[in-house]
Amino acid sequence: MKNPIILLLIAATTVSITAQTMPRDADPRVWQRALSIHRRAIIVDGHNDIPSPLVDDDFDLATNNVGKNHRDGDPFHTDLNRFKQSGITGEFFSIYVSGATLKTGGAMRRAMDLIDASYREAERHPRQLMMCTTATDIRRAKRLNKVCVLMGIEGGYAIENSLYALRDFYRLGIRYMTLTHNVTHDWADAHRDEAKNNGLSDFGKEVVREMNRLGMLVDISHVSVKVMNDVLDVSSAPIIASHSSARAINDHTRNVPDDVLKRVAKNGGVIMINFYPSFLDERTSKEENERSTRLRPQIEALRKQFEKDPQGFNDAERKLMAANPIYVADYKRIVDHIDHMKKVAGIDIVGLGSDYDGVPFLPAGMNGMEDLPLVTYEMLRRGYTEQEIRKVLGENFLRAFAKAEQVAGNRQVSGQGSLKRIDR
Ligand SMILES: [Zn+2]
């Protein structure tokens with residue numbers, strides 16, 4: 001590798017990490033400085049739903065094509081090239097298990113399939129990706145110019161009420177678990193479902209304690225406010241919301257209220273802001289709800305028409321949405337949430353949890369993960385310091401993650417734990 005031409009090529013590849021076009025209204029000097037901060041920072045994204053299409057659609061991360069139907073250029077947010085442009089070092093692949101499995105069964109099996117799919121991507125693309133399970137791994141990946149594949153389970157029922165299974169998931173590399181998805185289950189209440197457990201049940205509290213002992217982060221996205229508070233009462237380690245925004249900016253049940261933000265500041269945790277415009281912005285949320293009510297009969301008709309052709313249904317649905325546009329808040333709205341959280345609870349609680357490929361559309365100005373530098377630009381434009389920006393992009397998460405590892409490690413030493421550490 002001493003050939004100067006090869007070295008030059010490597011340098012050129014590194015520089016192209018952030019080759020996005022500048023927003024039309026941007027100040028070129030601020031934009032250049034934003035790109036340079038963005039390039040140096042360690043960026044961790046709390047939530048990406050790409051594992052589901054990897055399994056269900058044979059999605060190809062290298063080409064952004066859907067394999068099963070041989071379709072090119074599907075509008076996914078994630079692929080290897082865009083990872084490079086995004087500057088992301090740590091990406092949490094969501095091991096998302098649908099609440100429907102509470103009726104049909106198969107929750108744990110589904111999680112296993114998605115975990116395998118995540119590993120296989122890292123195995124297929126060893127020059128670009130690596131599996132990571134610790135904060136140190138993420139820092140190492142940055143030095144190696146690779147993207148960490150991290151994994152978080154979404155939907156606590158994936159453990160099928162078994163602490164044995166919880167520990168096995170930890171051994172497989174799961175480093176956070178979102179306690180619910182949208183439905184209440186045996187031991188935790190969801191944000192928009194019936195409160196059957198008055199928050200967390202006794203077993204739910206035991207799950208949280210066991211997660212602390214293992215060093216698996218407890219994720220309060222999707223849970224009821226009572227569960228958020230119960231988790232904060234029980235957890236001895238920092239917690240996260242892997243993909244939730246501020247409720248004071250948009251009063252949506254998926255967002256986190258101010259009193260919880262303040263408690264998270266004391267707990268040392270991180271709220272990773274979701275980019276979905278309907279969570280970010282009241283007007284988008286309202287117009288999207290109205291549209292889905294209005295178009296429901298047409299969507300049902302399409303569902304029948306394309307019963308055996310899910311891809312065809314997706315296309316037809318997309319066309320219908322495009323013919324019925326709504327107001328979509330732009331990427332600057334993300335930074336309104338950052339501003340608010342900083343004001344209410346301090347910069348140390350703020351992180352990013354995009355929800356790429358888990359949401360039907362992104363803020364105006366963003367097509368996929370390649371447009372992440374826009375968030376850095378907007379923070380810089382509003383006067384955030386480089387240190388503050390680096391905290392939001394990844395350092396806050398790394399701090400909370402390392403602390404959770406330390407809490408787990410301490411317990412091992414104090415003899416409360418019985419499991420041998422598997423990764424160090
Ligand atoms: Zn989610």
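No lab work stands behind these numbers, since they all come straight from the coordinates. Values in this document were obtained by computation on a predicted structure and should not be read as measured data. All Cβ positions, glycine included, derive from the backbone under ideal geometry; neighbour counts span all protein chains shown.
Sorting Leu214, Leu172 from the fewest to the most surrounding beta carbons within 10 angstrom yields Leu172, Leu214. With a Förster radius of 25 Å applied to the C-beta separation of Gln305 and Asp58, the computed FRET efficiency comes to 0.60. For the chain, the mean residue ellipticity at 222 nm estimated from helices alone is -14000 deg cm²/dmol, where every DSSP H run of n ≥ 4 contributes -39500 (n - 2.57) and the total is divided by all residues, rounded to the nearest 500. Packing around the peptides 318-328, 388-398, 226-236, taken as the average count of other Cβ atoms within 10 Å per residue, puts them in this order, highest first: 388-398, 226-236, 318-328.
Provide the packing ranking of 268-279, 298-309, i.e. peptides ordered by the mean count of other C-beta atoms within 10 Å per residue, highest first.
Ranking the peptides 268-279, 298-309 by packing returns 268-279, 298-309.
Taking θ as phi - 60° and the Karplus parameters 6.51, -1.76 and 1.60, the scalar couplings of segment 314-323 work out to 4, 4, 5, 5, 4, 5, 4, 5, 5, 7 Hz in sequence order, x denoting glycine and proline. What residues from segment 82-115 fall in the zone where the backbone N is under 20 Å from a label point 7 Å along the Cα-to-C-beta line of Asp186? Label zone hits: 96-113. Note that segment 269-280 has calculated 3J(HN,Hα) couplings of x, 9, 9, 9, 6, 7, 8, 5, x, 6, 8, 6 Hz, one per residue in order, obtained from phi through the Karplus relation 6.51 cos²θ - 1.76 cosθ + 1.60 (θ = phi - 60°); glycine and proline are x.
At full extension, Gln32 and Thr104 could sit 20.7 nm farther apart than now, given 0.36 nm per residue minus the alpha carbon distance. Quick one: 3J(HN,Hα) in Hz for segment 85-101, Karplus 6.51/-1.76/1.60 with θ = phi - 60°, rounded, Gly and Pro as x. These are the phi-based 3J(HN,Hα) values: 5, 6, x, 5, 9, x, 10, 7, 6, 7, 8, 8, 10, 5, x, 4, 5 Hz. Amide H to amide H, with H built 1.01 Å from N, Met151 comes under 5 Å of Phe93, Arg175, counting only residues 5 or more places away or on other chains.
Of the peptides 194-205, 239-250, the order by per-residue mean of other Cβ atoms within 10 Å, starting with the highest, comes out as 239-250, 194-205.
Running a GNM on the chain with Cα contacts under 10 Å, which residue among Glu290, Glu282, Glu154 ends up with the highest mean-square fluctuation? Taking springs between Cα atoms under 10 Å, the residue moving most is Glu290.
Using the structure shown, select from Lys266/Lys343; Lys266/Lys332; Lys103/Lys196; Lys196/Lys262; Lys266/Lys403; Lys343/Lys391 the pairs with a Cα to Cα distance greater than 19 angstrom. Exceeds cut-off: Lys266/Lys332; Lys196/Lys262.
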